[in-house]
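A.B. asks: Sharing a structure, written as structure tokens. Questions coming.
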Amino acid sequence: MRAADLRSSPARLGRARLPDFDPARVETVGRGAIFVAIAVLAGVGAAVSPWALAVGAVAVLGVWLVAYRDRPQRVFNVALVALLLGYALFGRGLAHVGVPPVYVGEVVLALGVVAMLFSVRTLRGGPIRWLIVAFMVWGALRTIPYIGQYGVDAFRDAVTWGYALFALFVSLMVTSRQFRRILGIYRALIPFYLLWVPLTLIASRVAPGYPGGIDALIAPKPGDMGVLLAGIAAFALLGLYSAAPKPRVPESIMWLLWLPAAGVVAIFNRGGMVAMVTAGAALLFLRLPRRWLPPVFMTVLIAVLLLAVDPRLDIGQGRTLSVGQVVDNVTSVITDTGDPALEGTKEFRLKWWSDIINYTVFGPYFWTGKGFGINLADADGFQVYADHSLRAPHNGHLEILARMGVPGLLLWILLNAAIGVGLLRAAARARSVGRLRWVAIDGWLFVAWAAALVNASFDPSLQGPHAGIWFWSMVGLAIAAIEASTRSVKDEVPEPASAEGFGTDHAPAPRSAGPVPRPA
């Protein structure tokens, strides 16, 4: 070959390269694929129920508006915030809005899929995300073989791992600069929620028959409320509530609202009571003991007054709204109280949990578990309702073991260990460079994550949308916070500095030892 040909060969080779992909064409193909999938699902839904077809039509309209106005991420963000607020206020009442098997949570999940396709241009990895993917893959392998046998029940139980998509969506869409708005919305809603908790719980027991069947819509679970109250306490203890701009409701008033709400939850539910104790984990991220003085003082004052007055109100189910009921709930967690209403449920749970460990860890379901779709209460012989509505043990972690086997439980443990260690390390790195605002954010998310895991030890809460979507959304925020805590200072949360020092974006400049000499 001649030298001239050799010199011209790079150009000829360049012509043989694969053409670059046109982003607009890829987006168009993606939209078309979505509409084809929706059309197939609508056809299947029409064969099952006319209502399913109506829901599908609304979903198609929503996807069309989102996709063709080029703002899917914004719509998903608004929908997710509204969904989380609705779950916090109405609990299972909102979770049941929809047509089986498509409920309001699944609609928002579909919006998240659309937002991922059209708004997220860069996919990021990391150990936590890969562990989430591994957990979901194993869950899918334990679900797909049972779809033909159990049908819709398999999909309903599969939300244990399916809702983990929310963590991936949130972690990939939320940027460090968006935390300012997230914190602002959360802080503004705290006083209203603290008023809502005791009024709703007491009214649901004292006057359960609301006119018009409102009690079917307003159905929050005390355990889930305890998780949210733990997050609120950590949010305030770490200085995020009182940070500039100052909140409309002073922090002292907020604590006066938090304490009775926490007391009512502690009376109604042991899981929620123990979950609120995790707020003490904020100590791991706190170096300003004076922030504890107001809440500690008010707690002691209210406790002394309650012990002196000892008010009592019968709320049914063998329980009273009193200081003694709180004491019984606390002691029943670690010892026998002699109260049949408390001891009966504890013995029932321990027996079932023991059976699950025996047929998985020491039995034939070690590798596979029993899969998703099967009614564990029926299969294990612990069904207590005539309508077979009890499907799982009152422990979300052991349900994962029962359905996914030991490998599934190990993935679950590794995933949560990575989240906890990641938040602690991120806070330590942020503190080392003086980024105290991110220390507080990491601590708040650590408490919210830990409280949800504690409550799941008393109730399969994470297997329901009202708590599961909250949990996975907070996990997504935790991943985003871990990554943001190690980025450059210019990407910090653009909050004004507060009196407590949590608003500083970087370490303060050292003071000069004396006047700076002028050059000669």
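For (1) over 15 Å from Thr368 (Cβ atoms); (2) assigned by TED's automatic domain parsing to the domain that holds Arg74; (3) under 18 Å from the mean Cα position of the chain (by Cα); (4) surrounded by fewer than 22 Cβ atoms within 10 Å (Cβ to Cβ), each residue gets a yes or a no:
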residue: Ile132; (1), (2), (3), (4): yes, no, yes, no
residue: Ala140; (1), (2), (3), (4): no, no, no, yes
residue: Tyr146; (1), (2), (3), (4): no, no, no, yes
residue: Gln149; (1), (2), (3), (4): no, no, no, yes
residue: Phe166; (1), (2), (3), (4): yes, no, yes, no
residue: Ser171; (1), (2), (3), (4): yes, no, yes, no
residue: Arg180; (1), (2), (3), (4): yes, no, no, yes
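A.B. asks: Any residue at all in the range 394-405 that's on the phi > 0 side of the Ramachandran plot, small (Gly, Ala, Ser) and part of a helix (DSSP H, G or I)?
C.D. replies: There is at least one residue in the range 394-405 that is on the phi > 0 side of the Ramachandran plot, small (Gly, Ala, Ser) and part of a helix (DSSP H, G or I).
A.B. asks: To continue, here is another question. Filter the range 119-154 for residues that are part of a helix (DSSP H, G or I) and free of Cβ contacts under 8 Å to residues at least 60 places away in the same chain and give the result. Explain how you work it out, then say what you get.
C.D. replies: Initially, the range 119-154 is screened for residues part of a helix (DSSP H, G or I), giving 119, 127-141, 144-150, 152-154.
If the condition is that a residue be part of a helix (DSSP H, G or I) and free of Cβ contacts under 8 Å to residues at least 60 places away in the same chain, then Ser119, Trp130, Val133, Met136, Val137, Ala140, Leu141, Ile144, Gly148, Val152 are the ones that fit.
A.B. asks: Test Arg391 against the criterion of being assigned by TED's automatic domain parsing to the domain that holds Lys346, in contact (Cβ under 8 Å) with a residue 40 or more places away in the chain, surrounded by fewer than 24 Cβ atoms within 10 Å (Cβ to Cβ) and over 26 Å from Ser176 (Cα atoms), and give yes or no.
C.D. replies: yes
A.B. asks: So which pairs qualify, if the first residue must be in the range 351-363 and closer than 14 Å to Leu409 by Cβ and in the same structural domain as His397 (by TED's automatic domain parsing), the second must be in a helix (DSSP H, G or I) and among the acidic types (Asp, Glu), the Cβ gap must be under 9 Å, and the two must be at least 6 apart or on different chains?
C.D. replies: Close Cβ pairs (under 9 Å, with a partner that is in a helix (DSSP H, G or I) and among the acidic types (Asp, Glu)) amount to Ile356/Asp380; Ile356/Glu399; Tyr359/Asp380.
A.B. asks: When you scan the range 347-354, do you find a residue that is among the hydroxyl-bearing types (Ser, Thr, Tyr) and either surrounded by 13 or more Cβ atoms within 10 Å (Cβ to Cβ) or at positive phi (or both), even just one?
C.D. replies: There is no residue in the range 347-354 that is among the hydroxyl-bearing types (Ser, Thr, Tyr) and either surrounded by 13 or more Cβ atoms within 10 Å (Cβ to Cβ) or at positive phi (or both).
A.B. asks: Got at least one residue in the range 431-442 being assigned to a helix (DSSP H, G or I), surrounded by fewer than 23 Cβ atoms within 10 Å (Cβ to Cβ), among the small types (Gly, Ala, Ser) and modelled with pLDDT under 90? Outline the logic, then answer.
C.D. replies: Here is the first cut: in the range 431-442, the residues assigned to a helix (DSSP H, G or I) are 431-432, 436-442.
Narrowing further to those that are surrounded by fewer than 23 Cβ atoms within 10 Å (Cβ to Cβ): 431-432.
Those still in the list that are among the small types (Gly, Ala, Ser) too: 432.
Still in the list and also modelled with pLDDT under 90: 432.
Yes; the residues of the range 431-442 include at least one that is assigned to a helix (DSSP H, G or I), surrounded by fewer than 23 Cβ atoms within 10 Å (Cβ to Cβ), among the small types (Gly, Ala, Ser) and modelled with pLDDT under 90.
A.B. asks: If you don't mind, there's one more thing I want to ask. Residues of the range 336-379 being basic (Lys, Arg) and modelled with pLDDT of 90 or more, which ones?
C.D. replies: Step one: filter the range 336-379 for residues basic (Lys, Arg), giving 346, 349, 351, 370.
Listed by number, the list holds a single entry, Lys370.
A.B. asks: Could you please give the count of residues in the range 465-479 that are more than 20 Å from Met225 (Cα to Cα) and either surrounded by fewer than 24 Cβ atoms within 10 Å (Cβ to Cβ) or modelled with pLDDT under 95 (or both)?
C.D. replies: Going through the range 465-479 one residue at a time, the tally reaches 0.
A.B. asks: Given (1) over 21 Å from Trp438 (Cβ atoms); (2) in a loop (DSSP other than H, G, I, E, B); (3) modelled with pLDDT of 90 or more, identify the lone condition not met by Tyr241.
C.D. replies: Failing condition for Tyr241: (1).
A.B. asks: Any chance you could count how many residues in the range 400-429 are in contact with a Lys or Arg (Cβ under 9 Å, 6 or more places away or on another chain) and buried (at least 24 other Cβ atoms within 10 Å of the Cβ)?
C.D. replies: 4
A.B. asks: Can you tell me which residue among Ile202, Ile218 is in contact with a Ser or Thr (Cβ under 8 Å, 6 or more places away or on another chain), closer than 22 Å to Ala262 by Cβ and at pLDDT below 95?
C.D. replies: Among Ile202, Ile218, only Ile218 is in contact with a Ser or Thr (Cβ under 8 Å, 6 or more places away or on another chain), closer than 22 Å to Ala262 by Cβ and at pLDDT below 95.
A.B. asks: Pick from the range 223-273 the residues that are among the aromatic types (Phe, Trp, Tyr) and under 20 Å from Gly184 (Cα atoms): which of them is surrounded by the fewest Cβ atoms within 10 Å (Cβ to Cβ)?
C.D. replies: Step one: of the range 223-273, the residues among the aromatic types (Phe, Trp, Tyr) are 235, 241, 255, 258, 268.
Subsequent filtering for residues that are under 20 Å from Gly184 (Cα atoms) retains 235, 241, 255, 258.
Numbers: Phe235: 26, Tyr241: 24, Trp255: 21, Trp258: 25.
Ranking the qualifying residues of the range 223-273, first place goes to Trp255.
A.B. asks: Then there is this: Please specify each residue of the range 370-384 satisfying the condition of being farther than 19 Å from Gly151 by Cβ and among the small types (Gly, Ala, Ser).
C.D. replies: Correct list: Gly381 only.
The values are calculated or read from the model by the stated rules, or taken from the named source; none is laboratory data. The model shown is predicted, which means the values in this text are computed figures rather than measured ones. FYI the Cβ positions are ideal-geometry reconstructions off the backbone, even for glycines, and counts take in every protein chain you see.
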